Amino acid sequence: MSDPVVYVTREIPDAGLELVAAETEMHVWDGKLPPEKDHIIERLEELEADGLLCLLTDETDGEVMDASPNLDVISTFSVGYDHVDIDAAMERGIAVGHTPGVLSDTTADFAWAMLMTTARRTVEGSEYVLADEWETWGPKLLTGPDVSGATLGIVGLGNIGSVVAQRTAGFDMDVLYTDAEPQPDVEEDLADYGVDAQYVSKDELLERSDFVTLHVPLMEPTHHYISEDELRAMKDSAVLVNTSRGPVVDTEALDKALENDWIERAGLDVTDPEPLPGDHEITRHVPEKLVVTPHIASASIQTRDKMATMAAKNLLAGLRGEELPNSAVEDWQRK
Ligand code: DGY
């Protein structure tokens, strides 16, 4: 019997590609930028592919799924699967895999890096030095709010949000969280780290937090979760950090908030639009009020290898007709 045929929409780390190549006839898009959706459709069609390994940059809807009559499995190299139409996959009996868990520590680390750098103005400081503006040590030079002792508001106490909470242990912070419902089991785990996470309403979290960090998947209820009303409700000294998905924050509203000092600063690793053009209006707030990075929160060498391995294993399981080790469909049904 011939090997199953798979299409991979970008070169992922070898740790994953080697596993896939060993068991399939593998075709990889070798462009630096994502292939156009039409190109993916064309390739799936001509290859009559059995499997698709895609990225968060690939809109994977029913049209894509219908391109090959043989498509059994879609495996995304990401934990987020908002780019995959899960209902369409379910209707067609196509399995969908994703990569939860393996990137939680790395992403939580980055949320902290973003929080710290935004609060303590490191990007601004570096640009200040490079611009040759550093004349002397200054008592009021580039001051920012203390992180230790502050109140941290976590939106979404899931895999990543809970690790962000764990990391507060050394910072003596008050930890608030909001979620669809209280998470007593997670609270109990956090207590083992000496962290007392308190469930509050969204309104209370916004009102009381010095730092607000977002860790929710992009779904209809979380689209523009932070918009004008929310930004107005936050402290004017607050710092907002987004490492989840760009559209969770209304970019236009954030622009207004920074312009009018409704909040102090924001750190975004994800943006809407994404990629964010360097001359997008909101970038005028960089670096004084805004730090932006190009969706790299999970980008540690080790984690990207683990994501590649997990995506490959999901794909191969689907091709064999086995249950996926990490099914996005099951995750979606739980939500
Ligand atoms: C994911 O896997 O969904 C992340 O956003 C990638 O960093």
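Quantify, in whole percent, the carbon and sulfur part of the accessible surface of the chain (1.4 Å probe; protein heavy atoms only). The value for the chain is 47 percent carbon and sulfur by accessible area. Of 193, 128, 7, the residue with the largest accessible area leads and the full order is 193, 128, 7 (1.4 Å probe).
Take the chain with all the other protein chains still there, run a 1.4 Å probe, and you get 48 Å² of accessible area per residue.
The helix-based estimate of mean residue ellipticity at 222 nm for the chain, built from -39,500 (n - 2.57) per DSSP H run of four or more residues and divided by its residue count, is -10500 deg cm²/dmol to the nearest 500.
Label-to-label distance for residue 23 and residue 181 is 3.6 nm, based on points extended 7 Å past Cα in the beta-carbon direction. Within the shell defined by Cβ-Cβ distances under 12 Å, the residues around residue 102 carry a net charge of +1, with Lys and Arg each +1 and Asp and Glu each -1. Amide H contacts of residue 271 (H built 1.01 Å from N, in plane; Pro and chain starts excluded): 246 sit under 5 Å, all sequence-distant by 5 or more or on other chains. Evaluating 6.51 cos²θ - 1.76 cosθ + 1.60 at θ = phi - 60° for every residue in segment 282-293, the Karplus couplings come out as 5, 5, 5, 7, 7, x, 4, 10, 9, 10, 10, 10 Hz, glycine and proline recorded as x.
Model label sites at residue 32 and residue 296, defined 7 Å from Cα along the beta-carbon direction, differ in position by 1.5 nm. Separation of segment 16-57 from segment 95-119 is 26 Å, based on Cα centroids.
Amide H contacts under 5 Å for residue 241: 212, 213, 214, 267, restricted to partners 5 or more places along the chain or on a different chain, H placed in the peptide plane at 1.01 Å from N. Segment 257-335 and segment 209-225 have Cα centres spaced 13 Å apart.
For the chain, the ratio of Cα radius of gyration to the globular rule of thumb 2.2 N^0.38 Å stands at 1.07.
The values are calculated or read from the model by the stated rules, or taken from the named source; none is laboratory data. Remember, predicted model here, so these are calculated numbers, not experimental data. So basically every Cβ, Gly included, is an ideal-geometry build from the backbone, and we count neighbours across all protein chains shown. Just the protein is used for accessible areas: all its heavy atoms, side chains included, with ligands, DNA and RNA removed. Shrake-Rupley method; radii C 1.70, N 1.55, O 1.52, S 1.80 Å.
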